[in-house]
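The values are calculated or read from the model by the stated rules, or taken from the named source; none is laboratory data. Note that this is a predicted model, so its numbers are computed, not measured. Please note: Cβ atoms are built from the backbone with ideal geometry, for glycine as well, and neighbour counts cover all protein chains shown.
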Amino acid sequence: MTLGPNSVPRHEPSYRLEVLDGEALLFDPANRRLVHCNQTAVLVWRLCDGERSVQEIIALLAEAYPEAVAEMAADVQRVLAQFQEAHAIRL
């Protein structure tokens with residue numbers, strides 16, 4: 001499911017971001033869930049603080065990475081969908 005631009009995602013408290021041997025993982029030990037994260041996913045995770053909307057997250061990343069602005073909205077939505085599927089974020 002695509003989150004709307006005004007949705008405000010936040011971390012599910014049980015998840016932890018771990019970096020092991022250069023690989024970033026979101027891990028929920030209670031439910032034994034694991035999400036592999038690329039660089040974009042790590043940045044999105046850090047911005048899902050319950051304060052920023054999806055549109056604000058996209059805008060911040062587009063400003064930081066202007067060379068990727070054309071793909072940024074789709075990339076952020078893809079990552080958020082992955083987080084939602086794993087129950088790593090809530091609205």
**Study point:** Some residue of region 51-70 being touching a residue at least 40 places away in the same chain (Cβ under 8 Å), of a type outside the set (S, T, N, Q), in a loop (DSSP other than H, G, I, E, B) and surrounded by fewer than 19 Cβ atoms within 10 Å (Cβ to Cβ)
**Key:** yes
Study note, to complete from the structure: Every listed condition ((1) free of Cβ contacts under 8 Å to residues at least 60 places away in the same chain; (2) surrounded by 17 or more Cβ atoms within 10 Å (Cβ to Cβ); (3) over 13 Å from the mean Cα position of the chain (by Cα)) holds for V76 save (3)
Review point. Which residue, of L17, L3, L47, is touching a Phe, Trp or Tyr at 6+ places or on another chain (Cβ under 9 Å) and either modelled with pLDDT under 95 or crowded, with 16+ Cβ neighbours inside 10 Å (or both)?
Key: L17
**Study point:** Residue among R33, R90 that is surrounded by fewer than 17 Cβ atoms within 10 Å (Cβ to Cβ), of a type in the set (K, R), closer than 16 Å to S7 by Cα and touching a residue at least 40 places away in the same chain (Cβ under 8 Å)
**Key:** R90
